[in-house]
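**Student:** The following block contains the structure, expressed as structure tokens.
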Amino acid sequence: MARLIAEEIARADDGRRVVLFGHSMGALVAYEAAAVLEERGAPVHGLVVSGARAPHLPRSDAPGGPEGALRTLTELGRTPPELLADSDFRALILPALTADFAMLGGYAQPDRPPLSCPVAALVGDADPRVTPAQAGAWRDASRGAFRLRTVPGDHFYLAAEPPFDALRDGCRA
């Protein structure tokens, strides 16, 4: 997925600065896309990661199977319990969600040098899955400037009060 994203970004090179953003599992996808772009010599002006532990940290708590996925959705909140109890809803979302969690649990950072672009990490102060220390470990993912910002909210803090200023300023060196 990251290679395909990087190919599209490289193909669409129109002179604009490339800053990648990813939330939760998307942070790893954005990180991998940034690595592919840098490996190809394409400039990456920044990476903003949100609600995610650093790529080198273990993911031993990734939920396994459909029941683990449901437990995690319950833990994270924001999904109404009556929706989680609906068998049609579960049948619709659980295959993809279970696959996503399996991919996340099986992720291992490849042996490669750190990125050279700046990295900004955002994390909710009440996120039950990612601590500020785990988000702060993104510092080791790049030789570029690093900023950590803890914002009010849980794992889905973006939905309640998006920190547009942090997103806008995230990778300014």
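The values are calculated or read from the model by the stated rules, or taken from the named source; none is laboratory data. Worth saying up front: this structure is predicted, and the values here are computed from it rather than measured. Positions of Cβ are generated from backbone atoms using ideal geometry, with glycine treated the same way; all protein chains shown enter the neighbour counts. The accessibility values were calculated without ligands, DNA or RNA, using every heavy atom of the protein model including side chains. Shrake-Rupley method; radii C 1.70, N 1.55, O 1.52, S 1.80 Å.
**Student:** Working carefully through the options Tyr107, Tyr157, find the one that is under 27 Å from Gly41 (Cβ atoms) and of a type in the set (Phe, Trp, Tyr). Lay out the reasoning, then the answer.
**Tutor:** On the way: Tyr157 fails: under 27 Å from Gly41 (Cβ atoms).
One residue alone meets the criteria, Tyr107.
**Student:** Then there is this: Condition first: surrounded by fewer than 10 Cβ atoms within 10 Å (Cβ to Cβ) and in contact (Cβ under 8 Å) with a residue 40 or more places away in the chain. Now tell me which residues in the stretch 64-105 satisfy that.
**Tutor:** none
**Student:** Still on this structure, please answer the following. How many residues are farther than 17 Å from Arg168 by Cβ and open to solvent by less than 40 Å² (accessible area, probe 1.4 Å) when one looks only at the stretch 26-63?
**Tutor:** The first filter runs over the stretch 26-63 and keeps only residues farther than 17 Å from Arg168 by Cβ, leaving 26-29, 31-44, 51-63.
When the remaining residues are screened for being open to solvent by less than 40 Å² (accessible area, probe 1.4 Å), the result is 26-29, 31-37, 42, 44, 51-55, 59, 62-63.
Residues flagged as farther than 17 Å from Arg168 by Cβ and open to solvent by less than 40 Å² (accessible area, probe 1.4 Å) within the stretch 26-63 amount to 21.
**Student:** Now, a different point. I need the helices (runs of 4 or more DSSP H) fully contained in the stretch 126-173, keeping only those with at least 3 residues that are open to solvent by less than 50 Å² (accessible area, probe 1.4 Å). Can you show your working first?
**Tutor:** Numbers: elements: 132-136, 157-160, 164-169.
It comes to 132-136.
**Student:** So is Ala120 of a type in the set (A, V, I, L, M), buried (at least 16 other Cβ atoms within 10 Å of the Cβ) and at pLDDT 90 or above or not?
**Tutor:** Criteria met by Ala120.
**Student:** Can you list the helices (runs of 4 or more DSSP H) lying wholly within the stretch 2-116 that have 1 or more residues being at pLDDT 90 or above, of a type outside the set (A, V, I, L, M, F, W, C) and more than 26 Å from Gln134 (Cα to Cα)?
**Tutor:** Of the helices (runs of 4 or more DSSP H) lying wholly inside the stretch 2-116, those with at least 1 residues that are at pLDDT 90 or above, of a type outside the set (A, V, I, L, M, F, W, C) and more than 26 Å from Gln134 (Cα to Cα) span 2-11, 81-85, 87-105.
**Student:** Determine, yes or no, whether Val151 is touching a Phe, Trp or Tyr at 6+ places or on another chain (Cβ under 6 Å), touching a residue at least 12 places away in the same chain (Cβ under 8 Å) and farther than 17 Å from Glu32 by Cβ.
**Tutor:** Judged against the criteria, Val151 is a match.
**Student:** If you don't mind, another one. Which condition from (1) under 16 Å from Ala54 (Cβ atoms); (2) under 15 Å from the mean Cα position of the chain (by Cα); (3) open to solvent by 50 Å² or more (accessible area, probe 1.4 Å) is the one that Pro113 breaks?
**Tutor:** (2)
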